[in-house]
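Take a look at the structure below.
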Amino acid sequence: MSRYGGYGGFPEYVSVAERREQAKALTAKLKKQGHILSPVVIEGRTIAKTFWGKSWCTNLESFSDYENRLPRGRTYARNGSVIDLKINPGEITAMVNGSSVYDVSIKINAFPESKWKTLVKECSGKIDSLIELLQGKFSKSVMEIITANETGMFPKPNEIKLNCSCPDYADMCKHVAAVLYGVGHRLDERPEDLFILRQTNHMDLVDNTQLGTLSIAETEAPFDGDLSALFGIELANDVPAPSKEPQPLKKAKPPTVRKKKAT
């Protein structure tokens, strides 16, 4: 047996279930120490289910330079190893649990202003609402504009700088790959993070004549398909409709007092 605890110089095998439990325990420990964590928790094998998450992952998997490292990254993402992931303008920071805890930093260039203006112009009048934008429920022509190889929203390898504190010499180690898949999962929950990352204003794509200045960042919770939660109001279809016009309240009649007969 090697010093790594396995055979033939390879680390000892740890099952997915064990890795999940290790990640949960480590996350709980770090939270007790005061760390504010945002872990990537994937149920099942499907990393991304929405237009935004799937498009991010498809773009990632189109990079031939990364294809050898992506499978291990998918496994790490699925087993809960990404114990913290934060998306900020131009940068993704994360913590990944492996043989140790590694810090990952991924810098992504701002989306060029000239390309953004062109993209906004091409999408003009084709996206009617913020909900439609964030759900990714728009026409095929808009999807093609947003995901186009050279002019779309998703970053290219030459726009990405990768860094991990692990000893792996490769530019994309499995920890970085796990974080990039984690971003795909996060975009399922918060698609507006893509626009934050690329330093653009998603509201530029929306028909402002209908939505005014509403911003997803002003809501209390990320959009999850619940319109009531998104806007903080009770929608008509959330409560049973009245069967008829409401009637004005009637005043209650005073109780009848019967006089006793004299005996």
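The values are calculated or read from the model by the stated rules, or taken from the named source; none is laboratory data. Here the structure is a predicted model, which means the values were calculated and not measured. With ideal geometry, Cβ positions are generated from the backbone for all residues, glycine too; neighbour counts draw on all protein chains shown.
Summed over the stretch 87-120, the residues that are among the aliphatic types (A, V, I, L, M) and closer than 21 Å to Glu144 by Cα give a count of 3.
For the stretch 104-130, the candidate set comprises residues that are surrounded by fewer than 17 Cβ atoms within 10 Å (Cβ to Cβ) and hydrophobic (A, V, I, L, M, F, W, C); within that set, the residue that is nearest to Ala77 (Cα to Cα) is Ala110.
For the stretch 46-90, filtered to residues that are touching a residue at least 40 places away in the same chain (Cβ under 8 Å) and of a type in the set (Asp, Glu), the residue that is surrounded by the fewest Cβ atoms within 10 Å (Cβ to Cβ) is Asp65.
Name every residue in the stretch 150-175 that is part of a helix (DSSP H, G or I) and either within 17 Å of Asn109 (Cα to Cα) or among the basic types (Lys, Arg) (or both), in order of residue number. Write out each step before concluding.
So the first thing to find is which residues in the stretch 150-175 are part of a helix (DSSP H, G or I), and the list is 157-159, 174-175.
If the condition is that a residue be part of a helix (DSSP H, G or I) and either within 17 Å of Asn109 (Cα to Cα) or among the basic types (Lys, Arg) (or both), then Pro157, Asn158, Glu159, Lys174 are the ones that fit.
So in the stretch 185-201, with the set limited to residues that are in a loop (DSSP other than H, G, I, E, B) and more than 8 Å from the chain's Cα centre (by Cα), which one is surrounded by the fewest Cβ atoms within 10 Å (Cβ to Cβ)?
This residue is Asn201.
In this structure, Gln210 does not satisfy being of a type in the set (S, T, N, Q), surrounded by fewer than 21 Cβ atoms within 10 Å (Cβ to Cβ) and modelled with pLDDT of 95 or more.
Of everything in the stretch 25-45, what is on the phi < 0 side of the Ramachandran plot, assigned to a loop (DSSP other than H, G, I, E, B) and free of Cβ contacts under 8 Å to residues at least 24 places away in the same chain? Give them in sequence order.
Of the stretch 25-45, the ones on the phi < 0 side of the Ramachandran plot are 25-33, 35-43, 45.
Those left that are additionally assigned to a loop (DSSP other than H, G, I, E, B): 33, 35-43, 45.
Within the stretch 25-45, Gln33, Ile36, Glu43 meet the criteria.
Can you say whether Tyr76 is modelled with pLDDT of 90 or more, aromatic (Phe, Trp, Tyr) and more than 27 Å from Phe138 (Cβ to Cβ), as far as the supplied structure shows?
Working: modelled with pLDDT of 90 or more: yes; aromatic (Phe, Trp, Tyr): yes; more than 27 Å from Phe138 (Cβ to Cβ): yes.
Criteria met by Tyr76.
For the stretch 131-161, residues that are closer than 11 Å to Ser55 by Cα and loosely packed, with under 14 Cβ neighbours inside 10 Å total 1.
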